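Data block below; observations after.
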Amino acid sequence: MSHDHHNMVSVSVTVNGEARTEECEARMLLVHFIREKLGLTGTHWGCDTSNCGVCVVSVDGQPVKSCTMLAAMADGAELTTVEGLETADGLHPIQQGFMECHGLQCGFCTPGMMIAAKSLLEQNPNPTEHEIRDGLSGQLCRCTGYHNIVKAVQFAAEKMSASQEGASS
Amino acid sequence: MQTPAPFGYERATSVDHAIQLLEQLGPEARLVAGGHSLLPMMKIRLAQPEHLIDINPLAAELGSISIDGDSLVIGAMTRHNDLLASPLVGEHFPILQDAERVIADPVVRNRGTVGGSLCQADPAEDLSAALSALHATATIRGSGGSRSVPVRELHVGPYETVVGDAEILTEIRVPIRNGCGSAYEKVERRVGDWAIASAAAVVWMDGGIITDAGIGLAAVGADHFVSPAAEAALRGQQPTEEVIVAAAAAAAAECNPSTDQRGPAEYKRHLAGELTARALRRAVARAQGGQ
């Protein structure tokens, strides 16, 4: 990273597999860098106080509230946003789960919810309902009452473990 | 939109480099680790440093958990989730994992650090109470070398520590002694919130007698996050229900909660006593080999 002058930084990231470098103010938060500099508006910006979790993105494989991280801190990192979930084979099982189980109504919390769910399933491929609720406790949803979100994650877990078994047999 | 005021951004590549930057940039420079306390304060201008020194590159140098002699050593850059997941921590001091489970939420715990939480010195901070109860010490480094300070003496008031302008907290050392049992109890308004009140209890037992004890309290205005009166009520005693209730009453009497949006002072004082008793019962059970 180079300093053009006092308060400006150059930030290089790999976002959803693509290398990008942008200049920004040192005080720019990662959520705004992703939305305004990288042009990826799937990541939402909500409470600004690290409570609601709609801005969650994956930074080097770990979900992070991007309203509470400076873009400068992400220099050199690999980012995955909601736009990076879909693969050549189609929607990610988590996306399919949210669709099939009606895991969203207004959709505002959904990008952060899905990125956090992805990390949860990577650490714990077969979570109990309690583990799902605990794992997503940093995400607020004001529509669903969480019930269908839990179902969506369970749908994804089953689908992902079925494809794991299929791959290994 | 909430955005911090402009600042100069520096990135430290080693502890020595961080100290050198602090000396060079002066008292208006602040270290930032996980940033989950400092950045929100900067957004609402409660903090307005002229320079931020990012110490996230020191995660490898300061982020390990290990045993050194008869101490558990926790690097200051240890992320909350790493403390929560550490088998070493679980084996020796389950109180720290009790506390971590109720610190913010899993996503915040990916970023927030042990050292950052202690240096933020929020009066409701959970680890300050737990580590004070454990009689842990903090290692603080400056250009002149390192010094060791009991965690009980780290905080001089709300949001204030003894860490100097050009110093950095590098590690926490928790003494490992035989017969230890520990537990943490907290009541919060909703998942991930700061405590309304919380209590940390540590007992060291030998032959059925409590030989030493640590009682920590957060969010209830306890001096240095501890209750010496409750500790004195436990030392040399058998851990009977009577003794536990007396120690809990001493903790409730000694703390100094204030009424705020989290509840009235008398409710918090009641909680301080009740949670001390609950934490003590679990700590004693753990010391005696139970869960």
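Farthest toward the dipole's positive end in the protein assembly as shown, which of A:Thr43, A:Gly53, B:Asn81, given Cβ charges of +1 (Lys, Arg) and -1 (Asp, Glu) about the Cα centre?
With unit charges placed on the Cβ atoms, the residue in question is A:Gly53.
What is the calculated FRET efficiency for B:Asp68 to B:Tyr267, with r their C-beta to C-beta distance and R₀ = 41 Å, to the nearest 0.05?
Calculated transfer efficiency: 0.45.
Averaged over peptide A:18-31, how many Cβ atoms belonging to another chain are found within 10 Å of each residue's Cβ?
For this peptide, the per-residue mean of nearby foreign Cβ atoms is 2.
Per residue, how much space in cubic angstrom lies within the convex hull of the C-alpha atoms of segment A:93-168?
So the per-residue Cα hull volume is 74 Å³.
Run the dipole for the protein assembly as shown about the Cα centre, Lys and Arg Cβ at +1, Asp and Glu Cβ at -1, nothing else charged, and hand back the magnitude in debye, nearest 20.
860 debye
Shielding of B:40-53 by partners, i.e. mean partner chain Cβ atoms within 10 Å per residue?
Per residue, the number of nearby Cβ atoms from other chains is 2 on average.
By DSSP, what percent of the beta bridges with both residues in segment A:8-84 are antiparallel, rounded to the nearest 5?
Antiparallel bridges make up about 90 percent of those DSSP assigns within segment A:8-84.
So which trypsin sites (Lys or Arg not before Pro) in segment A:66-156 are both in a DSSP loop and have at most 14 other Cβ atoms within 10 Å of their Cβ?
Answer by residue number: A:Arg142.
Positive end of the dipole of segment B:133-184, charges at C-beta (+1 Lys, Arg; -1 Asp, Glu), about the Cα centre: which of B:Thr170, B:Ser146, B:Ala183 has its Cα farthest in that direction?
Among B:Thr170, B:Ser146, B:Ala183, the one farthest towards the positive end of the dipole of segment B:133-184 is B:Ala183.
Kirkwood Rh over alpha-carbon pairs of segment B:204-259, then Stokes-Einstein at 25 °C and 0.890 mPa s: what D in µm² s⁻¹, rounded to an integer?
The estimated diffusion coefficient comes to 214 µm²/s.
Could you work out the mean count of beta carbons from other protein chains within 10 Å of each residue's beta carbon in B:111-122?
Partner Cβ neighbours, averaged per residue: 1.
Hey, got a sec? Which trypsin sites (Lys or Arg not before Pro) in segment B:8-63 land in a DSSP loop and have at most 14 other Cβ atoms within 10 Å?
Listed in order of number, the matching sites are B:Arg45.
Is the shape of chain B best called rounded, prolate or oblate, per the rule: a/c under 1.5 gives rounded, else a/b larger than b/c gives prolate, else oblate, with a ≥ b ≥ c the square roots of the Cα gyration tensor eigenvalues?
prolate
Restricting everything to alpha-carbon atoms, can you work out Rg to Rh for the protein assembly as shown with a Kirkwood hydrodynamic radius?
Reported Rg/Rh, Kirkwood definition of Rh: 0.99.
Given the pairs A:Lys65/B:Lys186; B:Lys43/B:Lys186; A:Lys65/A:Lys151; A:Lys37/A:Lys118; A:Lys151/B:Lys268, which span a C-alpha to C-alpha distance of over 32 angstrom in this model?
A:Lys151/B:Lys268, as the Cα separations exceed 32 Å there.
Considering only DSSP beta bridges whose two residues both sit in segment B:1-129, what percent are antiparallel, to the nearest 5?
40 percent
Classify segment A:8-84 as rounded, prolate or oblate from the Cα gyration tensor: take a ≥ b ≥ c as the square roots of its eigenvalues, call it rounded if a/c is under 1.5, otherwise prolate when a/b beats b/c and oblate if not.
It comes out oblate by the Cα gyration axes.
Each value in this text was obtained by applying a stated rule to the coordinates, not by laboratory testing. Here the structure is a predicted model, which means the values were calculated and not measured. Neighbour counts run over all protein chains shown; Cβ positions are idealised from the backbone, glycine included.
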